[in-house]
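A.B. asks: Okay, here's the structure, questions in a sec.
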Amino acid sequence: MRPSWDPITVKRMDLISISARASTPWATIVGDSTRKEDTPGEVVPLLAHDVRAMAAAVLRGNDNGGYTVPSRATYPHQWNWDSALAALGWAELDSARAWTELETLAGARDRQGMIPHIAFHTRVPDRVNGRLRGMLTTVAAPYARYLPGPRWWGKRFSVDGRRISGITQPPLAATCMRLLFEAHADEERVRALLRPLLCWHRFLLEERDPRGTGEPVLIHPWESGRDNAVEWDTPLWRVMPEVTVVHRRDTHSVDAAERPSDEHYRRYLTLVRRGTEIGWRQTRLARTGAFRVLDPGFSGILARACHDLAWLAEQLGEPQIAAESDRGCERVAAALRARADSDGLIRPVDLTDESTLEVTSAGSALAALTPGLGDDQLRAVSELVTSGALASPYGVRSLDRDHPERSPRNYWRGPAWTNITWLSAWALERRGELDAAESLRAQMLAAVEGGGMREYFVPDSGRGLGARDFAWTAALTLRELAAGAAARGEAAA
Ligand code: DGY
C-alpha cells in the first residue's frame, strides 16, 4: 500500500507530536534517532513507525542477556515457546542476538533431551556456567516473584546449570530457527543446534508416546501453552486437588478476572507436586499420570518442527538427522490426519477414557501447521478462522464464540492471542491461502495498534489485556511490520 496523499517530510521522527502523526499518516524520514540507522528518504506510515519503536523497546526491555522474558512483571524467567518466538523479533533488530536466544533455549534441556517449559532465572551471574552454576543455583535464594518457582519442581537442572521445570511446551524452536536461518543464515550456529532439537523431538515422539499413537501425550495443561483452555477442564477436574493454600503471584500484576481460576491453580499445582514426587518419570506420567491428553495444536507444531528441522539438516548435509526428522513429521501428520472429525477439524483427546473433547478452539486452528494435512482439513481451518467460530476483527479467538464457557477477558477462554493469529496466518500462507493469511495479519496488527503490546486482546473490541510489554506480541509485530515494509518496497519497485 502506498500513500494516496503526499507524505510530509520530517527531520526527526521522534519530534513529531502524536496528534500530528494521527492526522498525517505518512512521512518521508530524513533522520530518526529512535532507530539504529537513519533511513533518509524512506516513506513510512507513521502509526506503524510508532508501533515498531514500541515493539523494539519492549523486546529490548525484556532482554535478560541470553534470553527474553515474556513479561518482566508476570513471567520473570525463560519460557520455551515464548523464547522461540522472541527470536523472530530479534531477527529484525539484531540477528546475532536472535541466534543467542535459541542457543540459550537449547541450553535449558535436561539430560533426557526435553527442553522444559521454564528455565528459571536466578541471581547467579550468566557468565557462570556448567556444574559450578548448578551448585550456586542450589544455594542462591529462589526468585520469589513467580509461582510455582524452582523448588516446586524438585532438583532439576538444565545442561547449562539452571533450575528447570519438569514439563515441556509446544516445540516451536525448530520452525523459528528455520525462519531465522532463511533470513540470516549462520551455518555454524545452526549446526550446533540441530542435535539438541532432534533429541527434544525424539523425546516427544518416544518417551511421550508410550502406546505408539503417533502423537505426544501432554501431562499438564501448561504443556499445551494454552493453560486454562476449556477443553482441559474435563480431564483436569478428574485430578483431586491436594494443594489447598495457594499464594498466587500472577494476580499481583494482572487482574484475577483475566487469569485462570484458583480451582484451576489448585489442580495445576497438584499435578506439579505429583510429578515431582515420582521424580518426573516421563514415560510413566505419559502412561498412567492423572492428566493425559492429545492436543492437535501441540502435535501440529511438532509435525511442522520435524519438517523444518529436516529441511535445515538437508541444507547442512546431515542426511541422518533429515531422515529421522522426516519420519517423525510423517508419523505425527498421519496420526492427525486419521482422526479429523467429519467437519474436517481435529480436536483434543482425553486419554484417560479415550474420548474426543468436543471443543472448537485455537488448538484446532494450530493443526493447520501440520505438513501434508488434507485439503478438506485445511479448508475447514481456513473457514474457522476467517468467518467461522474463531473469527474476530482482532485475530483468531482462543475459543468458539458460541461456547457457553466463553469469556472474552479470561486468558485462553476467549481472548485473541497474537501468536495463534500469526501461526494460523503463516500455516495458511504456506498452503496458498494468501487472502486468509493477509487478513489475519492485518487483524493481528490492528489489535496491537489499538491495544498495545499486551498478552491478549478482547476479540470484539481489540482491548489489550493480561501481562503488559509482552515479548512475543512485540516480536511478531516487528516481524510483520518488516514483512509489510518489504512487500510495499517490492510493490513500489
Ligand atoms: C503461567 O504461569 O501462567 C504459565 O503460562 C504457566 O507456565
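Every read-out reported here was derived from the displayed coordinates using simple, explicitly stated rules and does not represent laboratory data. On a predicted model such as this, the values are computed, not experimentally measured, just so you know. So basically every Cβ, Gly included, is an ideal-geometry build from the backbone, and we count neighbours across all protein chains shown.
A.B. asks: To the nearest 0.05, how large is the calculated FRET efficiency for GLU187 and ALA53 if R₀ is 45 Å and r is the Cβ-Cβ distance?
C.D. replies: The pair GLU187/ALA53 has a calculated efficiency of 0.85.
A.B. asks: With each pseudo-label sitting 7 Å past Cα toward Cβ, what's the SER261-ARG151 distance in nm, one decimal?
C.D. replies: 2.9 nm
A.B. asks: Then there's this: Can you give the extra length, in nm with one decimal, that the chain gains between ALA96 and ALA491 once fully stretched, where that is 0.36 nm per residue apart less the Cα-Cα distance?
C.D. replies: Length difference between fully extended and current span is 139.2 nm.
A.B. asks: Considering amide H positions built from the backbone, and no H for Pro or chain starts, which residues 5 or more places from GLN78, or on another chain, come under 5 Å of its amide H?
C.D. replies: ALA119, HIS121
A.B. asks: Another question, if that's okay. Taking 0.36 nm per residue of separation and subtracting the Cα-Cα distance, what length does fully extending ARG287 through ASP375 add?
C.D. replies: Taking ARG287 through ASP375 to full extension adds about 28.4 nm, to one decimal.
A.B. asks: Which ³J(HN,Hα) values, rounded to whole Hz and listed in residue order, are derived for the range 203-211 from phi using the Karplus coefficients 6.51, -1.76 and 1.60 in 6.51 cos²θ - 1.76 cosθ + 1.60 with θ = phi - 60°, glycine and proline given as x?
C.D. replies: 4, 5, 7, 10, 3, 8, 10, x, 9
A.B. asks: About its Cα centre, how strong a charge dipole does the range 8-492 have in debye, to the nearest 20, once Lys and Arg get +1 and Asp and Glu get -1 at the Cβ?
C.D. replies: Using only the charged Cβ atoms, the result is roughly 1920 debye.
A.B. asks: Between ALA442 and ARG401, what is the spin-label point distance in nm, taking each point 7 Å from the Cα along the Cα→C-beta axis?
C.D. replies: In this crude label model, ALA442 to ARG401 measures out at 1.7 nm.
A.B. asks: With θ taken as phi - 60° and the coefficients 6.51, -1.76 and 1.60, list the Karplus ³J(HN,Hα) couplings across the range 110-117 in order, rounded to whole Hz; mark glycine and proline as x.
C.D. replies: 8, 5, 7, x, 6, 8, x, 6
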